[in-house]
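For reference, the structure discussed in these notes is given below.
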Amino acid sequence: MAAGKNSGREDYRLIPEDAPFEEGFNIKTLWGALFVGFVMMPGAIYLGLVIGQALGGAAQWVTIILFVEVAKRAFVRLKPQEILILYWIAGGLVVLGGGFRIGLGAGLFGGPFGMMIWDQYFVNSPQAAGLAHYIPQWLAPKPGSGVFMTRSFLHREWLVPICILMTCQILFVVNQISLGYTLFRVTSDVERLPFPMAPVYAGGAMALAETSGRREGWRWRVFSVGSMIGVIWGFAYVAVPTISNILLVKPVTILPIPWMDFTPYLKAVLPAAPLAVVTDLWPLLAGFVLPFWVVIGSFIGQIGRTLLVNPILYRSGILRRWTPGMTYVPTAIANNLDFWISFSIGLGVVVALAGIWSVVKAFKSQRAKGLHLTPPKGRGDIWVGLAFLAWAVSTLGFVALVHVLVPEFPLWIIAFFGFVFTPMISYITARMVGLTGSSAGVSFPFLRESLFYLSGYKGVAIWFAPVPIFNHGGLAEVFKQLELVRTKFGSYVKMAALSMGIMLVCSFLFWSLIWKLAPIPSAAYPYVHKVWPYFATMQAMWASSTLPGGASLIQGVINLKIILTGLGAGGLTFALFSGFGLPISLFYGILAGAMSWMPTAVPSFVGGMLGRYYFLKRFGRERWRAYAPIILAGYACGLGLIGMVSVAITLIARSVSTIVF
């Protein structure tokens, strides 16, 4: 992976700042959107169900590679603006696509109909047995309905949920773009924040653009190495269990999916310690890219929580729900209910207050330098007031919809989330991204749950309603990327509208098809089969809290003393880090590790150590920092390709068997 003599700083430059803004949306990007929707999305869905890994990176890179190669053979060169729009089309079409459903967290990819797959599972799950008569039919058909036996959305009982889903999707896209653009104008044009990661992401997509000019440099070679790693690992991790499931009753797994569970074997030495290690290479390779002190902090926080704090809490009688023999997920649920939910609330408040403090401090510093508003000509800007009005109207649409669906719930709480909390948290996030390149820790944990619980509402419908609790701050960086690559902002708006239409159609089509193959979750989909019961337990617990008699459960879980302990521990840690001048990223890493339940800390730690103490010395700082994100992107591409091939073989085999028999 030698970079050669021409791997200097000029290789990482994007487009000169004096270049004119150009349109990036045209017929080429239309074909790109269709390719991602009809070719990449089924692979994204299947990969998410099997290993819990998104296909976003693979979709982006494969789409760019494909269209660059096709363009070369047609003697057409793709413009940088077209490449960036293709990049965001590919990323947008395979994600969840339904950010209006807060608190899901179940790891779904492939558009908004994935949420309906979750809903059909949840309403029929054992965890929701006590909620069966309270779940509204505008969410999903009645539990136990015969429509679930057919595993199809083509039934009149799904009509109202689908109409609500599509309405929310349209409102969400308008809400996101309008507020995201407004925040960009404030943070970039007015406050002149640097957005340090924007050139990295824009440059990552354009790293392969050099091949459009019939030259293949070091970026292509590094990307190919990462792709081969993904193909080899994906064959053992994805292809073997997926394809063997066609021929055998039980799939063959060379590597445990999604993790190796050591919890039952530690019951005597380390009681109540949920120890596992994920078997996907993504966390290890991500350790190459993430800031070193964030990786170290996450390792300290997660391993310290698992191996040190949990056994002490168990022997102190605080962790009461754990029993010997429990595996990782039941142990994590039991420990969360006994201690970590309350403790994480305290830690989360510290992180949020620290983020606000950083924003206020930076804002005062910027005010002292003077604020200016000078948008470049030809960028495609609109009046900020018009964008703000579009956001307000879409927010009002959400508030009205929720009020119609759940008229008993206090209207002022819905309006507070939409008109006060959303712009506030979005602005804090945009500021953090603009200053540090990361939005880690920008959240107010369990604020939604607390207000629902304290509102006096009796029922469960509000927990499934599209309450407008959003965080659009990250979109400010997207507009910064468009500016860096000199792409007219109207191109992104057109792309978002096109992607939304294609995503709704393809999401409906492919989720219906994959749902037909086997029940979701089931042994055919190892990741969701293991992980979804955890999320179902959490969702059922909160939903039960607003039912008659359900408050006792939450009162046992939400413990004020433990919350204050977490607040004190987090505050003291932040004070010590600030007082001694320690890396603040280490502080955020420790708290993030202590609040996380997914066992990714060990492989990320290994990756971070290898990157810092081996690859950094071998290749040099500048070269390794250029290599690492491209290797990670290549791995996502290789793994995604294997996932696509596997799902294609599965779909063909199942279709043929259905026809024959």
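The values are calculated or read from the model by the stated rules, or taken from the named source; none is laboratory data. A quick note: this is a predicted structure, and the numbers were derived from the prediction, not measured. Methodologically, a virtual Cβ is constructed for each residue, glycine included, from the backbone with ideal geometry; neighbour enumeration extends over all protein chains shown.
General observations
- Some residue of the stretch 265-281 being surrounded by fewer than 23 Cβ atoms within 10 Å (Cβ to Cβ) and aromatic (Phe, Trp, Tyr): yes
- Selection count, the stretch 238-291, where residues are assigned to a helix (DSSP H, G or I) and β-branched (Val, Ile, Thr): 7
- Positions within the stretch 606-626 being buried (at least 22 other Cβ atoms within 10 Å of the Cβ) and closer than 30 Å to residue 331 by Cα, in sequence order: 607, 608
- Residues (among the aromatic types (Phe, Trp, Tyr) and free of Cβ contacts under 8 Å to residues at least 40 places away in the same chain) located in the stretch 119-178: 148
- Out of 605, 574, 535, sole residue that is in contact (Cβ under 8 Å) with a residue 60 or more places away in the chain and more than 26 Å from the chain's Cα centre (by Cα): 574
- Number of positions in the stretch 64-85 that are basic (Lys, Arg), surrounded by 13 or more Cβ atoms within 10 Å (Cβ to Cβ) and in a helix (DSSP H, G or I): 1
- Within the stretch 146-153, one or more residues are within 21 Å of residue 535 (Cβ to Cβ), aromatic (Phe, Trp, Tyr), outside any loop (DSSP other than H, G, I, E, B) and at pLDDT below 85.
- Scope the stretch 282-295; condition modelled with pLDDT of 85 or more, buried (at least 23 other Cβ atoms within 10 Å of the Cβ) and over 10 Å from residue 607 (Cβ atoms); matching residues: none
- Pairs where the first residue, in the stretch 324-349, is within 22 Å of residue 269 (Cα to Cα) and crowded, with 20+ Cβ neighbours inside 10 Å and the second is among the acidic types (Asp, Glu) and at pLDDT 85 or above, C-beta under 7 Å, 6+ apart: 328/261
- Of the candidates 606, 602, the single residue that is assigned to a helix (DSSP H, G or I), touching a strand residue (DSSP E or B) at 6+ places or on another chain (Cβ under 8 Å) and either more than 30 Å from residue 530 (Cα to Cα) or hydrophobic (A, V, I, L, M, F, W, C) (or both) is 602.
- Qualifying residue in the stretch 609-630 (condition: outside any helix (DSSP H, G or I) and among the hydrophobic types (A, V, I, L, M, F, W, C)): no
- Some residue of the stretch 368-378 being surrounded by 13 or more Cβ atoms within 10 Å (Cβ to Cβ) and either of a type in the set (Val, Ile, Thr) or at pLDDT 95 or above (or both): no
- One residue alone among 451, 484, 475, 447 is modelled with pLDDT under 85, closer than 14 Å to residue 184 by Cβ, aliphatic (A, V, I, L, M) and in contact with a helix residue (DSSP H, G or I) (Cβ under 9 Å, 6 or more places away or on another chain), and that residue is 484.
- The residue of the stretch 442-500 that is nearest to residue 27 (Cα to Cα), among those that are basic (Lys, Arg) and not in a loop (DSSP other than H, G, I, E, B), is 494.
- The stretch 294-331 - residue that is within 22 Å of the chain's Cα centre (by Cα) and not small (Gly, Ala, Ser) and, of those, nearest to residue 599 (Cα to Cα): 302
- Hits in the stretch 114-130 (condition: surrounded by fewer than 23 Cβ atoms within 10 Å (Cβ to Cβ) and polar (S, T, N, Q)): 124, 125, 127
- In the set 564, 560, 591, only one residue is at pLDDT 90 or above, of a type in the set (A, V, I, L, M), in contact with a helix residue (DSSP H, G or I) (Cβ under 9 Å, 6 or more places away or on another chain) and over 30 Å from residue 242 (Cα atoms); that residue is 564.
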